[in-house]
Amino acid sequence: MPSNGNPLATLLGSHRVLIAVGAGGVGKTTTAAALGVAAAREGKRVLCLTIDPARRLAESLGLERMSTEAVTIDPARFREAGVPIQGSLTVMMLDTKRTFDEFVRKHASTPEKAKRLLGNKLYKYVSTTLAGTQEYMAMEKLVAVRDDPAYDLVLLDTPPTANALDFLDAPERLIDALDSPAMRWFIEAFQESGKVSLNLLAKSAAVVLKTIGKVTGGGFLDDMAAFIVELNDLFGGFKERASMVQKTLRAKDTSFLLVTSPAPMSIREVLYFSERLAEHGMPRGAYIVNRLRMPPPRAGEPPSEPEVRDAVKKHALTLDDDAPERLLRAHADAVKLAALDARHVKALDDASKNAVPIVRVPQLASDVRDLALLGEVADLLIRA
Ligand SMILES: Nc1ncnc2c1ncn2[C@@H]1O[C@H](COP(=O)(O)OP(=O)(O)OP(=O)(O)O)[C@@H](O)[C@H]1O
Ligand SMILES: [Mg+2]
């Protein structure tokens, strides 16, 4: 990428893995896709691992079916949208259950065990709802593709976690959930003889289990026990992979993009997350303040009453009596909102103490729903 002094242009040129993180709805998916376009335009072969993109964006990328296969977007689409690319953009939708399935197949000690686990009634529930699974599986996928020679750059979108920190701790959290004392006694109790053993701990547990058994039917407990024992088979795998994930996250050519809106709450969250990244020794590439409300043209010098009248006439707007006044008010509001956003971003600027560069992306007039608009965001992200 030509270095134009823009921190994101520099990151795209020098890094292999960029991870977009931030609170829900701030623009992680859009940013990841737009950066993919920016890099592909410069000739890179880009893989964008995306989560649940807005339907219209997915459609305009050519992802009509919610496929989890890697789909390389037809370059003609980009040409038609006026954003020709030299390289390529491949998009893969992250699917937690599917990634978990692949993980089980790869890491179970025997194919039979994998088959049994995948067929267990509880498996589907646990593989999609256990705390941290979605975050962990996104990381898992990242490890799986990060060294793929077919790509020069991997952009990872992250799930809208209620707490952005879930993402960082995902591997540990998942292991904690699976490897908790409660799980362990359960496994021990059942592994002994396939029945609850009669040690003291299990005795009291047995009462609980019997009660559950009454409510849910005995089959449930057998399923549960078999499931946990088989999942246990993967613990070694999880632990080893978790350390690989952590290594990938700290790699020299990995960097985090901290996406935020200008809203104070979102800025507070991203700052907190940023601190945690720093604590964990994970590289922070840039803050991206997205959907910034910009001052209208001539913000310091509002149009005069006659000018507004002229404009209203020229654009054939409805000429009711208070149209000019309403326009002036809208102008004044836009100036105020832009000043408000600028003040909030200044707080981010002050707090970051120049440790991490800040890139500002204005609010577009519409949602980012097609390739042309994605190209526009790409330009805004990497402009000099
Ligand atoms: N600069 C922008 N101008 C206008 N609309 C934008 C801009 N950036 C993003 N959007 C719109 O905001 C919405 C949310 O964006 P996006 O899906 O990228 O957020 P997200 O952080 O991935 O959300 P989630 O946490 O739910 O995954 C989308 O409709 C997108 O088109
Ligand atoms: Mg998203």
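The values are calculated or read from the model by the stated rules, or taken from the named source; none is laboratory data. What you see is a predicted model, and the numbers here were worked out from it, not measured in a lab. Glycine also receives a Cβ, built like all others from the backbone with ideal geometry; neighbour counts cover every protein chain displayed.
If we scan segment 65-80, do we find a residue that is closer than 26 Å to residue 249 by Cα, away from ligand 1 (no atom under 12 Å from the Cβ) and of a type in the set (A, V, I, L, M)? If you could, list the steps in order and put the result at the bottom.
Here is the first cut: in segment 65-80, the ones closer than 26 Å to residue 249 by Cα are 68-72.
Narrowing further to those that are away from ligand 1 (no atom under 12 Å from the Cβ): 68-72.
From the residues that got through so far, the ones that are of a type in the set (A, V, I, L, M) too are 70-71.
Among the residues of segment 65-80, at least one is closer than 26 Å to residue 249 by Cα, away from ligand 1 (no atom under 12 Å from the Cβ) and of a type in the set (A, V, I, L, M), which makes the answer yes.
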Given the criteria more than 15 Å from residue 257 (Cα to Cα) and touching a residue at least 40 places away in the same chain (Cβ under 8 Å), does residue 335 qualify? yes
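Based on this model, can you work out whether residue 133 counts as buried (at least 16 other Cβ atoms within 10 Å of the Cβ), of a type in the set (Val, Ile, Thr) and farther than 27 Å from residue 43 by Cα? Working first, answer last.
Numbers: buried (at least 16 other Cβ atoms within 10 Å of the Cβ): yes; of a type in the set (Val, Ile, Thr): yes; farther than 27 Å from residue 43 by Cα: yes.
So residue 133 fits the description; yes.
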Residues of segment 295-307 being modelled with pLDDT of 80 or more and surrounded by 15 or more Cβ atoms within 10 Å (Cβ to Cβ), in sequence order, are 295, 296
- Task: Please verify whether segment 14-33 includes one or more residues that are under 30 Å from residue 271 (Cβ atoms), buried (at least 24 other Cβ atoms within 10 Å of the Cβ) and away from ligand 1 (no atom under 16 Å from the Cβ).
- Result: no
Note to self: Criterion first (modelled with pLDDT under 95, farther than 25 Å from residue 144 by Cβ and under 20 Å from the mean Cα position of the chain (by Cα)) does residue 69 satisfy it?
What the structure shows: no
Within segment 275-316, the residues that are away from ligand 1 (no atom under 16 Å from the Cβ) and of a type in the set (A, V, I, L, M, F, W, C) are 277, 278, 282, 299, 308, 311, 312, 316
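With under 24 Å from the mean Cα position of the chain (by Cα) and among the charged types (D, E, K, R) as the only criterion, which of 115, 97, 106 stands out? Please lay out each step first, then the result.
Working: 115 fails: under 24 Å from the mean Cα position of the chain (by Cα); 106 fails: under 24 Å from the mean Cα position of the chain (by Cα).
Testing whether each residue is under 24 Å from the mean Cα position of the chain (by Cα) and among the charged types (D, E, K, R) leaves just 97.
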Within segment 47-98, restricting to residues that are assigned to a helix (DSSP H, G or I) and within 21 Å of residue 136 (Cβ to Cβ), the one that is nearest to ligand 2 (Cβ to nearest atom) is 96
